[in-house]
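J.: Pasting a structure here, questions to come.
Every number in this text was worked out from the coordinates using simple rules, so none of it is lab data. Not measured: the values here are computed from a predicted model. FYI the Cβ positions are ideal-geometry reconstructions off the backbone, even for glycines, and counts take in every protein chain you see.
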Amino acid sequence: MAFINEDYLKLPGSYLFAEIAKRVSSFKNDNPEADIIRLGIGDVTKPLVPAVISAMHKAVDDMACAETFRGYGPDQGYDFLIQKVIECDYKSRGISLGEDEVFISDGAKSDVANFQEIFSGENIVALTDPVYPVYLDTNVMAGRTGNLGQDGKFDGIVYLPCNGENNFTPTLPESKVDMIYLCFPNNPTGLTLSKAELKKWVDYARENGAVILFDSAYEAYITEPDIPHSIYEVDGARECAIEFRSFSKLAGFTGTRCAYTIVPKTVMAKTKGGESHPLNKLWNRRQATKFNGVPYIVQRGAEAVYSPEGQAQIKEIIAYYMANAKIIRDGLVEAGLQIYGGVNAPYLWLKTPNQMDSWDFFDKLLHEANVVGTPGSGFGPSGAGYFRLTAFGSRENTQEAINRIKTRLSI
Ligand code: PLP
């Protein structure tokens, strides 16, 4: 008899997107003529830029020739890409990294999901609420939590509420925690942390021997000065933080798959006997065993993101999405809604009017404006009463959606 990992049974079904699809399809059945606009998408809509495409074409040709063919690549990624990451994403900000501190991967999702494996099952996990669900779900699967309670929270997890009352800035936990997930710019709230705020977390982690798992998948969307792009801009972070980055939202690689994780050799964790071990060595061991690298063609495409043409082309696309974000932001303010985010992130987080439940607002928006977004409660208990819109749609759809909200939505 094979037994299952019963921790999986603690997870509710993938309710959020299934429920959205169900409500949209039922509305469409009743209103076949309605032209529905989706402002809930978390995927990019613009194609890969020409610099990436031509590098990938060339790499395909390399694969066709015995002299330039590549089979299994290095588990940690090709030097040509690792060197670009170090030079362009870190050295340019005064951060120095060794080549063996960068791990190229097939996605920030897999890395943030897998990284918890190298920690003890007994660690206490803290995460911001609302949250990108992967941090929570993977720790549930790993048995680091109890059951899901009536309040929508898993026992054993330390939730760090981020809401209008605390300006979406998490406060340090009152009880001691060991692993802290932070994501800034944040999905879903679209908000960031200042360097001073981030420093408080780094200090906490160092004082308590905790590790920060910092997801900066949206750093390319930061437009304001003084917002840290990397946690390593904060003194002391090299001793306590892992950083996850991705080419997905940076350069449209959501379907192409490429990301990287920084694991400084100075980040240590202990055995129960008190012996310190570098996480870099454990992560390297884990990847060497379970991962066989990102395809050569994809890594050549990612390398091209750093070329002068690649940089100009991706910046144009990011500016396009951020112009959408401004249209949403300005339009919703005009419509009398309270709105957050959208300045340093492609996500906009709005407070539902009149304390409306997130799902009631979903229905209202769908029925009155034929616009689809994402109920905030789907991202955690503190998302209740909020709603997420994204800037990844086309300009035309974004403008039309906002016009409809302004003219049709009764608030
Ligand atoms: N991290 C956050 C916060 C995200 O919102 C997403 C995707 O939506 C990811 C990671 C996933 O990135 P990737 O496409 O590199 O797996």
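J.: Output ³J(HN,Hα) for segment 206-223: one whole-Hz value per residue in order, computed from phi by the Karplus curve 6.51 cos²θ - 1.76 cosθ + 1.60 with θ = phi - 60°, and x for Gly and Pro.
T.: Ordered by residue, 3J(HN,Hα) equals 5, 5, 9, x, 8, 10, 9, 9, 9, 9, 10, 4, 10, 4, 5, 8, 5, 10 Hz.
J.: Could you please state, rounded to a whole Å, how far the C-alpha centre of segment 310-389 is from the C-alpha centre of segment 136-191?
T.: 21
J.: Same structure again: Can you tell me which lysines have their Cα less than 21 Å from the Cα of Lys265? Leave out same-chain residues fewer than eight positions away.
T.: Result set, ordered by chain and number: Lys84, Lys91, Lys199, Lys281, Lys290.
J.: While we're looking at this one, here's another question. Counting each DSSP H run of 4 or more residues in the chain as -39500 (n - 2.57), what helix-only mean residue ellipticity at 222 nm follows after dividing by all residues, to the nearest 500 deg cm²/dmol?
T.: Calculated mean residue ellipticity at 222 nm is -11000 deg cm²/dmol.
J.: Which ³J(HN,Hα) values, rounded to whole Hz and listed in residue order, are derived for segment 73-83 from phi using the Karplus coefficients 6.51, -1.76 and 1.60 in 6.51 cos²θ - 1.76 cosθ + 1.60 with θ = phi - 60°, glycine and proline given as x?
T.: x, x, 3, 8, x, 6, 4, 4, 7, 4, 5
J.: How do 90-97, 298-305 rank on mean C-beta neighbours within 10 Å, highest first?
T.: Per-residue Cβ counts within 10 Å, averaged per peptide and sorted highest first, yield 298-305, 90-97.
J.: Cα atoms only: what Rg and Dmax, in Å, come out for segment 52-306?
T.: Using the Cα atoms of segment 52-306, the pair Rg, Dmax is 18.5, 62 Å.
J.: Among the lysines, select those whose C-alpha is under 26 Å from the C-alpha of Lys326, and discard any that sit fewer than 8 residues away in the same chain.
T.: Straight-line reach from Lys326, under 26 Å: Lys46, Lys195, Lys249, Lys315, Lys351, Lys364, Lys406.
J.: Cross-link candidates for Lys272: which aspartates and glutamates have Cα within less than 16 Å, leaving aside residues fewer than 8 places away along the same chain?
T.: The qualifying aspartates and glutamates are Glu122, Asp178.
J.: Sorted by average packing, counted as other Cβ atoms within 10 angstrom per residue and highest first, what order do 381-388, 182-189 take?
T.: The densest-packed peptide leads the list: 182-189, 381-388.
J.: Using a 10 Å cut-off on Cβ atoms, rank the peptides 126-132, 71-77, 36-42, 236-242 from the highest mean neighbour count down.
T.: Top of the packing list down: 126-132, 236-242, 36-42, 71-77.
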